[in-house]
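The values are calculated or read from the model by the stated rules, or taken from the named source; none is laboratory data. Given the structure is predicted, the values throughout are model-derived calculations rather than measurements. We place every Cβ from the backbone using ideal geometry, glycine too, and count neighbours over all the protein chains shown. For the accessible areas, the whole protein counts, side chains as well, though only heavy atoms, and no ligand, DNA or RNA atoms are used. Shrake-Rupley method; radii C 1.70, N 1.55, O 1.52, S 1.80 Å.
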Amino acid sequence: QSKNNKEAGEMICILPDGRVDSMGALYMHARGSSSFEIARKKSYKIIMDVPTDILSMGKANKWVLQANALDSTKARNGVAYELIRNLRLGYAIESTYVDVYFNGEYGGNYLLCEPVEVGSNRIAIDAEGSYLLVIDRVTEEDSFFLDQYGTTFLIRYPEENTDEDIERLRRYINSIDNRIRNCDTW
């Protein structure tokens, strides 16, 4: 019931034909902002003790179990991720639907996916001056800015940013938004 609670455990991923895909020690905690506060079914962040290749999505320590609790179709995120992968627009989150059991009891159907992060088997950022921005809640320790409409942009990468970097990013995001809103070719 608390996002601060972390639970240690073991994970085993079993394929429909009964073969073991992957397994290992982990700890997990609840994730999400709005969905955590209002949905009964919680989403989780999983952190494996060692990098683990789950369902051929590449070795990594961090994974996400999206509950899709606020989506009546339970399909929007999965469909969007699949569309982006099929369009080959660069990085696209790998994901697949899984049935999850907690301590032997059925917990429901979840979308297992990669978290949005920089790293091998994740988003590759090589160029200096590149950034990874996400719209999310922040803490005082985070590097972030508000756009002209009050949307909070968290700077996930790089971790260290100067006030000048942050102001340049804010102006850049506002200029893109203004171009889109003032486009007359709709």
Just want to confirm a number: the relative contact order over the chain, from Cα pairs under 8 angstrom separated by 6+ residues, in percent.
11
Given a 1.4 Å probe and every protein chain left where it sits, what share in percent of the accessible area of the chain is carbon and sulfur?
50
Label assignment, Rg and Dmax of the Cα atoms in Å derived from the structure, set [x] 18.5, 56; [y] 17.1, 51; [z] 16.4, 51
[x]
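For the range 58-160, which chymotrypsin sites (Phe, Trp or Tyr not before Pro) are in a loop by DSSP, counting at most 10 other Cβ atoms within 10 Å? Let's see the in-between values first.
Details: sites: 63, 81, 91, 97, 101, 102, 106, 110, 131, 144, 145, 149, 153; in loops: 91, 131, 149.
Counting only loop positions with at most 10 other Cβ atoms within 10 Å, the chymotrypsin sites (Phe, Trp or Tyr not before Pro) in the range 58-160 are 149.
Starting from the Cα gyration tensor of the range 1-45, take the square roots of the eigenvalues, sort them a ≥ b ≥ c, and report rounded, prolate or oblate (rounded when a/c is under 1.5, otherwise prolate if a/b is larger than b/c, else oblate). Present the calculation step by step, with values, prior to reporting the outcome.
On the way: a/c = 4.18, a/b = 1.92, b/c = 2.18.
Oblate shape, in that a/c is at least 1.5 and b/c is the bigger or equal ratio.
According to the square roots a ≥ b ≥ c of the eigenvalues of the Cα gyration tensor, what is the shape class of the range 111-186, taking rounded for a/c under 1.5, prolate for a/b larger than b/c otherwise, and oblate for the remainder? Mind dumping the intermediate values first?
Working: a/c = 1.66, a/b = 1.34, b/c = 1.23.
Prolate shape, in that a/c is at least 1.5 and a/b is the bigger ratio.
Can you compute the helix-only [θ] at 222 nm over the chain? Use -39500 (n - 2.57) per DSSP H run of at least 4 residues, normalise by all residues, nearest 500 deg cm²/dmol.
On the way: 3 runs with 36 residues, N = 186.
Mean residue ellipticity, 222 nm, calculated: -6000 deg cm²/dmol.
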Which one, 51, 158, 16, has the greatest fluctuation when you compute a Gaussian network model over the chain with C-alpha springs under 10 angstrom?
16
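Per residue, how many Å² of accessible area does the chain show with a 1.4 Å probe?
Values: 12430 Å² over 186 residues.
Ligands and nucleic acids excluded, the result is 67 Å² per residue.
Given N residues in the range 31-137, what is its alpha carbon radius of gyration divided by 2.2 N^0.38 Å? Could you put the intermediate results ahead of the total?
Working: Rg = 14.7 Å, N = 107, 2.2 N^0.38 = 13.0 Å.
Ratio of Rg to 2.2 N^0.38 Å for the range 31-137: 1.13.
Taking K and R as +1 and D and E as -1, what net charge do the other residues with C-beta under 14 Å from the C-beta of residue 3 add up to? Mind dumping the intermediate values first?
Details: positive: 6, 31, 42, 45, 137; negative: 7, 37, 136.
Local net charge: +2.
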Quick one: angle between helix 163-181 and the longest Cα principal axis of the chain, in degrees between 0 and 90, rounded to 10, please.
90
Arranged from highest to lowest average of other beta-carbon atoms within 10 Å per residue, in what order do the peptides 8-15, 64-71 appear?
64-71, 8-15
Among the trypsin sites (Lys or Arg not before Pro) in the range 104-186, which ones are in a DSSP loop with at most 14 other Cβ atoms within 10 Å of the Cβ? Mind listing them?
137
Output the 0 to 90 degree angle, nearest 10, between the alpha-carbon long axis of helix 76-87 and the longest principal axis computed from the alpha carbons of the chain.
70
